[in-house]
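The values are calculated or read from the model by the stated rules, or taken from the named source; none is laboratory data. Quick caveat: nothing in here was measured; it's all calculated off a predicted structure. Virtual Cβ from ideal backbone geometry, glycine too; neighbours counted across all protein chains shown.
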Amino acid sequence: MTNKLQYQRILLKLSGEALMGNDAYGINTKVLEFVADEVKEVVKTGVELGLVIGAGNIFRGVAGASKGMDRTTADNMGMLATVMNSLAMQDALERAGVITRVMSAIPMQSVSEPYIRRRATRHLEKGRVVIFAAGTGNPYFTTDSAGVLRALEIDADLVIKATKVDGVYDKDPVLYPEAIKFDRLTYDDVLQKGLRVMDAAGISLAKEDKLPIMVLDMSVAGNIKRAAMGENVGTLITS
Ligand code: UDP
């Protein structure tokens, strides 16, 4: 690789919902294959890539808790659901020819490796994609926070938050067609304006270490690679 990469190591956060495609629930194989191809294009450039996948397509702790479940139990279920998504993504990536390891924050040795930071960075150095499953391993957190946390731990240069929306708006663009999209924001803008980028815990963590976050629409082919190559294809959040 002769070209100097703008970002050497990137943490890509995929929402669970993004894996549903137009289905009402679960994992859409076509979407999975699409994402695997997108990831493959990034890996080919020499960028080292870690992934964190949510579970909104299967189970969210808050949804269970709102129906009377114990919150911790519900969150544990949400974290387990991220492991299913991670295994599905690993399968799609390996079928696309991308060597991938799943490391789970909740030890589950017969299906994944335990999360060990030094081992994770070793995999990345060898060009393997690492999927960090089971969030942070703790209830009361989201996979967005888990994404920022792992990004900091592996010393990533950028977090890409890949969603169904093409950036951050001043209000919900689905409900308000006149909503305005921001090209750039600061962490404080997000926190003070209460913009729904990710939870405050994740943003605060990123702010502390000045870790840039790019929010983009992952359904547009080539977007993730363009972002990885340094182009702002959505909203860039920095200090
Ligand atoms: N979760 C958790 N701790 C974590 C990460 C996730 O308890 O560190 C649980 C939580 O219940 C959450 C669910 O896992 O609702 C799925 O994650 P998330 O809602 O972030 O998924 P996404 O919105 O990205 O699809």
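Quick one: would you say ARG150 is within 16 Å of the ligand (Cβ to nearest atom), of a type in the set (Lys, Arg), at pLDDT 95 or above and surrounded by 13 or more Cβ atoms within 10 Å (Cβ to Cβ)?
Working: within 16 Å of the ligand (Cβ to nearest atom): yes; of a type in the set (Lys, Arg): yes; at pLDDT 95 or above: yes; surrounded by 13 or more Cβ atoms within 10 Å (Cβ to Cβ): yes.
Answer is yes for this residue.
Which residue, of ASP144, ASP170, is touching a residue at least 24 places away in the same chain (Cβ under 8 Å) and surrounded by 14 or more Cβ atoms within 10 Å (Cβ to Cβ)? Break it down into steps so the answer makes sense when it comes.
On the way: ASP170 fails: surrounded by 14 or more Cβ atoms within 10 Å (Cβ to Cβ).
When all the criteria are applied, what remains is ASP144.
In region 31-64, what residues are within 30 Å of LEU5 (Cβ to Cβ) and without any contact (Cβ under 8 Å) to a residue 24 or more places away in the chain? Before the answer, list the steps.
Keep residues of region 31-64 that are within 30 Å of LEU5 (Cβ to Cβ), which gives 31-54.
Matches in region 31-64: VAL31, LYS44.
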Taking first residues from region 105-117 that are over 17 Å from MET89 (Cβ atoms) and second residues anywhere that are part of a loop (DSSP other than H, G, I, E, B) and not small (Gly, Ala, Ser), the pairs with Cβ under 7 Å that are 6 or more apart or on different chains are PRO114/PRO107
Where in region 97-177 are there strands (runs of 3 or more DSSP E), lying fully within it, with 1 or more residues that are charged (D, E, K, R)?
-> 100-104, 158-163
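Quick test for you: out of VAL35, VAL111, VAL43, VAL52, pick the one residue that is away from the ligand (no atom under 16 Å from the Cβ) and either among the basic types (Lys, Arg) or crowded, with 17+ Cβ neighbours inside 10 Å (or both). Give the steps one after another, and end with the answer.
Values: VAL35 fails: away from the ligand (no atom under 16 Å from the Cβ); VAL111 fails: either among the basic types (Lys, Arg) or crowded, with 17+ Cβ neighbours inside 10 Å (or both); VAL52 fails: away from the ligand (no atom under 16 Å from the Cβ).
Checking each option against the conditions leaves just VAL43.
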Residue list for region 88-100, filter: crowded, with 20+ Cβ neighbours inside 10 Å and either away from the ligand (no atom under 15 Å from the Cβ) or without any contact (Cβ under 8 Å) to a residue 60 or more places away in the chain (or both) | GLN90, ALA92, LEU93, VAL98, THR100
Between residues in region 2-25 that are under 14 Å from SER86 (Cα atoms) and residues that are within 13 Å of the ligand (Cβ to nearest atom) and modelled with pLDDT under 90, which pairs lie under 8 Å by C-beta distance while being six or more apart or on different chains?
-> SER15/LYS164; GLU17/LYS164; ALA18/LYS164
Return only the number of the condition from (1) within 16 Å of the ligand (Cβ to nearest atom); (2) closer than 23 Å to LYS40 by Cα; (3) within 14 Å of the chain's Cα centre (by Cα) that ALA156 does not satisfy.
-> (1)
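What do you reckon, is THR136 under 13 Å from LEU14 (Cβ atoms), in contact with a helix residue (DSSP H, G or I) (Cβ under 8 Å, 6 or more places away or on another chain) and crowded, with 17+ Cβ neighbours inside 10 Å? Don't jump to the end; show me each part of the working.
Values: under 13 Å from LEU14 (Cβ atoms): no; in contact with a helix residue (DSSP H, G or I) (Cβ under 8 Å, 6 or more places away or on another chain): yes; crowded, with 17+ Cβ neighbours inside 10 Å: yes.
Spelling it out, it is not the case that THR136 is under 13 Å from LEU14 (Cβ atoms), in contact with a helix residue (DSSP H, G or I) (Cβ under 8 Å, 6 or more places away or on another chain) and crowded, with 17+ Cβ neighbours inside 10 Å.
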